[in-house]
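Note sheet for the following structure.
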Amino acid sequence: MSTVETSPYNERTRVSAHLNPVDWIALVLVIIGGLNWGLIAAVGVDLVASIFGAGTVGARIVYGLVGLAALYTIFLAVRLGAKNPD
């Protein structure tokens, strides 16, 4: 019996081949949101509010985009999970 070993590189290539530009944008926005929340928890600094101003339209747009990206990422996780049942 022969076994085929897959390297982490091959696994990354397989997953990234399934990501379209919207997927990548959503992932980047979720990472930005997560880092912002981490800064709030660690040092009490809201970077988005610091850049755009607390409660401004710009900050609300960023928060809204991050929230939409999080919702989209749920869909993305389900889609990737269905393609990779192992």
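The values are calculated or read from the model by the stated rules, or taken from the named source; none is laboratory data. Given the structure is predicted, the values throughout are model-derived calculations rather than measurements. No Cβ is skipped: glycine too gets one built from the backbone with ideal geometry, and neighbour counts run over all protein chains shown. Only protein heavy atoms, including side chains, enter the accessible area calculation; ligands, DNA and RNA are left aside. Shrake-Rupley method; radii C 1.70, N 1.55, O 1.52, S 1.80 Å.
Can you pull out the residues in segment 57-72 that are buried (at least 17 other Cβ atoms within 10 Å of the Cβ) and free of Cβ contacts under 8 Å to residues at least 40 places away in the same chain?
Step one: filter segment 57-72 for residues buried (at least 17 other Cβ atoms within 10 Å of the Cβ), giving 59, 62, 66, 69, 72.
Of everything in segment 57-72, those that are buried (at least 17 other Cβ atoms within 10 Å of the Cβ) and free of Cβ contacts under 8 Å to residues at least 40 places away in the same chain turn out to be Ala59, Val62, Val66.
Annotation note: of Gly34, Gly67, Gly53, the sole residue that is touching a helix residue (DSSP H, G or I) at 6+ places or on another chain (Cβ under 7 Å) and either modelled with pLDDT of 95 or more or not β-branched (Val, Ile, Thr) (or both) is Gly53.
Kindly establish whether Val45 is open to solvent by less than 80 Å² (accessible area, probe 1.4 Å) and not in a helix (DSSP H, G or I). Yes. In segment 19-31 there is at least one residue that is among the acidic types (Asp, Glu), under 11 Å from the mean Cα position of the chain (by Cα) and surrounded by 12 or more Cβ atoms within 10 Å (Cβ to Cβ).
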